[in-house]
Amino acid sequence: MINYDDFDALTFDCYGTLIDWESGILAGLKVAFGSGIETKSDADLLASFAHHEHVAEVPYKNYREVLGLTLRLLAGELGLEVSPEQEAQFGASVLDWPAFPDSHDALASLQKRYKLVVITNCDDDLFAASATRLGITFDEVITAAQVGSYKPNIENFHFAHEKIQRNLGISKDRILHVAQSLFHDHAPAKSIGMTTVHIKRRGNGAAPQASAAPDSVFPDMKSFAESVTEF
């Protein structure tokens, strides 16, 4: 049982936790590949995406480029071809990724009690569009573009904690991390002693396999926010 009074700030992963990136990814892949993937299951496409995205993130490049390269690598795996224009279109598809229906109300409720911070594997401009979809003004935003690396790199968390301490006056031990991905978030966060909440909306989906032991698990943001409110 987590004592929610022990925390002053909540840090969130965005894509997969607050924004439905799996639906957005699949929609973008279907636009790019059309009938070339009609025999592939969504699960297989997301697993391949997860593998190629992780490869594309090193060395660091902005997230539009990461997505474009991911599309190219996935096309090669499938024996398909994509144009630079299709890569750019897929790279910008984040702008169209929808928010989960419960994200706004849950965040609005939680913001009455906590400072809200995002630690996201994205570019500043792309996340700004997602924040508009969520309808929430976060107290701090930490992007991969600011750090120059992508989670699960532990430097993203160190950077976030330093920024939160400097700007909000909240130390790491008073921060609760909330995320969907075991690979990108829970494994690195637990490795540095953070308390974490797993928003287990679906299976592993668009993230590589990983092992981690979150402190609590909820099926969605709505149930998490209700649990905090009731505490």
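Assorted remarks:
- Calculated FRET efficiency for the pair Gln146/Ile2, C-beta based, R₀ 30 Å, to 0.05: 0.60
- Which labelled figure in [x] 20.6; [y] 18.9; [z] 17.9 is Kirkwood radius over Cα pairs in Å, once derived from the coordinates: [z]
- Relative contact order, percent, the stretch 141-231 [alpha-carbon distance under 8 Å, six or more residues apart]: 21 percent
- Listed residues Pro101, Leu116, Pro84: farthest to the positive end of the dipole of the stretch 25-125 (Cβ charges): Leu116
- Antiparallel bridge percentage (DSSP; both residues within the chain; nearest 5): 5 percent
- Coil-residue trypsin sites (Lys or Arg not before Pro) of the stretch 82-174, DSSP, other Cβ within 10 Å capped at 16: Lys112, Arg113
- Lysine pair count for the chain [Cα-Cα under 14 Å; pairs on different chains or 8 or more apart]: 8
- Carbon and sulfur %, accessible surface of the chain computed with the full protein complex present, 1.4 Å: 51 percent
- Each Lys and Arg Cβ is given +1 and each Asp and Glu Cβ -1; about its Cα centre, the stretch 60-170 then shows a dipole of about 500 debye.
- Added length on full extension, which subtracts the Cα-Cα distance from 0.36 nm per residue, Arg113 to Glu77: 8.3 nm
- In the chain, Cα pairs under 8 Å separated by at least six residues give a relative contact order of 27 percent.
- Across the stretch 66-202, the relative contact order, built from alpha-carbon pairs under 8 Å that are at least six residues apart, equals 15 percent.
- 1.4 Å probe accessible area per residue over the chain, in Å²: 43 Å²
- In the chain, taking the dipole from charged Cβ atoms about the Cα centre, the farthest positive-side position among Val31, Ser227, Pro208 is held by Ser227.
- At least 18 Å along the helix axis (C-alpha) and Kyte average at least 0.0, DSSP helices within the chain: 42-56, 63-78
The values are calculated or read from the model by the stated rules, or taken from the named source; none is laboratory data. Everything numeric in this text was worked out from a predicted model, so none of it was measured. Heads up, the Cβs are rebuilt from the backbone with ideal geometry, glycines too, and the neighbour counts pull from every protein chain shown. Surface accessibility is based on the protein's heavy atoms, side chains included, excluding ligands, DNA and RNA. Shrake-Rupley method; radii C 1.70, N 1.55, O 1.52, S 1.80 Å.
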